[in-house]
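**Q** Structure provided below as structure tokens; questions to follow.
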Amino acid sequence: MTIRLALVAMAAALGATAASAQDTKVGVGLSGWTGFAPLTLAKEAGLFKKHGLDVSLKKIPQKDRHLAIASGDIQCAATTVETWVVWNANGVATTQIFQLDKSFGADGMVVKPNITKISDLKGKTVAADAPGTAGYFGLAWILKKNGMSVKDVKVDNLGPQPAANAMIAGTDGIDAAMTYEPYLGAVRAKPEAGKIIATTLDYPMVMDTFGCTPKFLAENPKAAQGLANAYFDALDMIKADPKKSFEIMGADVKQSGEAFEKSQAYLRWQDRAANQKFFAGEHAQFSKEAADLLLEVGIIKQIPDLSKLADTRFVK
């Protein structure tokens with residue numbers, strides 16, 4: 001009887017191993033941005049696993065994420081809408097399959113006390129991430145809306161976290177910085193370090209999407225659907241158990257659940273209905289305006305085929 005039980009247990013274990021072996025492996029590039037956190041929740045809460053996926057979440061700076069895709073190290077990524085324009089223009093074919101979030105004040109420009117309006121930045125130094133990133137694009141967007149361009153300022157290429165830290169430290173020679181949550185929250189907590197002069201409430205140009213290579217989508221449509229479904233499941237979990245969800249997502253960026261809850265208040269995660277609305281028109285419209293600006297400031301040399309930037313079948 002004991003031998004029989006042992007054999008049953010062994011068979012069950014082998015069955016579980018076989019089942020896990022069938023899970024589709026997916027490498028996803030992302031950052032610690034608050035808007036991407038439901039992907040971490042989907043991973044930690046077993047939601048990807050539930051949909052037959054073995055997902056590896058890899059923290060890769062935005063300026064390098066397309067290189068990881070091109071090398072085959074990852075198959076999918078999370079990034080801002082205009083970044084997909086840049087990647088495709090530079091020969092890294094990628095297609096967006098669902099929207100993650102929209103920033104409602106979670107991204108912004110911080111300035112030193114002597115700066116009172118955007119036009120005061122002429123000839124000043126702004127800390128912003130490298131060309132081709134959301135920070136640099138956000139700076140170009142805000143300046144353009146105020147009759148200026150990136151040529152009117154000096155750009156010191158610092159990522160969102162060091163840019164925020166430079167403002168908090170009162171670093172000489174840096175007059176403003178582009179950053180986002182949770183780092184923007186650190187500046188909010190120290191008003192003496194500077195003030196937030198503009199956010200995505202004033203300039204709604206930061207929205208994030210999830211995408212993969214056309215090759216991955218063609219070969220793994222079921223897995224792509226699973227990725228989208230797991231994300232929407234994570235949003236359902238946040239609604240059902242916010243305290244536990246915020247703790248899990250906050251831990252990934254070394255925040256308490258309470259601190260993470262404050263960070264996420266400045267953005268809106270996009271559910272299936274919001275996705276359907278977004279891809280019905282707003283996505284194409286924004287991509288076109290973004291592409292024109294990217295061409296104007298020299299980030300891209302030509303506008304790619306914008307009709308191939310999204311595959312909407314996974315949000316229906």
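The values are calculated or read from the model by the stated rules, or taken from the named source; none is laboratory data. Please read all numbers here as calculations on a predicted model, not as lab measurements. Cβ placement follows ideal geometry from the backbone for every residue including glycine, while neighbour counts extend to all protein chains displayed.
**Q** Yes or no: region 236-258 includes at least one residue that is within 28 Å of Asp23 (Cα to Cα), at pLDDT below 95, in contact with a Ser or Thr (Cβ under 8 Å, 6 or more places away or on another chain) and not charged (D, E, K, R).
**A** So far as region 236-258 goes, yes, one or more of its residues are within 28 Å of Asp23 (Cα to Cα), at pLDDT below 95, in contact with a Ser or Thr (Cβ under 8 Å, 6 or more places away or on another chain) and not charged (D, E, K, R).
**Q** Hey, another quick one. Hey, does region 187-194 have a residue that's in a helix (DSSP H, G or I), of a type outside the set (Lys, Arg), surrounded by fewer than 21 Cβ atoms within 10 Å (Cβ to Cβ) and not assigned by TED's automatic domain parsing to the domain that holds Ala130?
**A** no
**Q** Determine which member of the set Ser56, Ser119 is under 29 Å from Lys222 (Cβ atoms) and either of a type in the set (Ser, Thr, Tyr) or out of contact with any helix residue (DSSP H, G or I) (no Cβ under 9 Å at 6 or more places or on another chain) (or both).
**A** Details: Ser119 fails: under 29 Å from Lys222 (Cβ atoms).
On inspection, the qualifying residue turns out to be Ser56.
**Q** Just for region 80-111: of the residues that are crowded, with 24+ Cβ neighbours inside 10 Å and of a type in the set (Ser, Thr, Tyr), which one is nearest to Arg188 (Cα to Cα)?
**A** My answer is Ser103.
**Q** Residues that are over 17 Å from Gln225 (Cβ atoms) and touching a residue at least 40 places away in the same chain (Cβ under 8 Å), at least 3 per element: which helices (runs of 4 or more DSSP H) completely within region 30-85 meet that? Lay out the reasoning, then the answer.
**A** Numbers: elements: 37-44, 47-50, 62-71.
Per the criteria, 37-44, 62-71.
**Q** Looking only at region 285-298, which residues are in contact (Cβ under 8 Å) with a residue 40 or more places away in the chain and either outside the structural domain of Ala89 (by TED's automatic domain parsing) or within 18 Å of Gln96 (Cβ to Cβ) (or both)?
**A** Listed by number, the residues that qualify are Phe286, Ser287, Ala290, Ala291, Leu294.
**Q** A further question follows. Pick from region 168-181 the residues that are within 23 Å of the chain's Cα centre (by Cα) and more than 19 Å from Asp208 (Cβ to Cβ): which of them is surrounded by the most Cβ atoms within 10 Å (Cβ to Cβ)?
**A** In the first step, residues of region 168-181 are kept if they are within 23 Å of the chain's Cα centre (by Cα); the result is 176-181.
Those left that are additionally more than 19 Å from Asp208 (Cβ to Cβ): 176-177.
On the way: Ala176: 25, Ala177: 32.
Filtering region 168-181 for residues that are within 23 Å of the chain's Cα centre (by Cα) and more than 19 Å from Asp208 (Cβ to Cβ), the one surrounded by the most Cβ atoms within 10 Å (Cβ to Cβ) comes out as Ala177.
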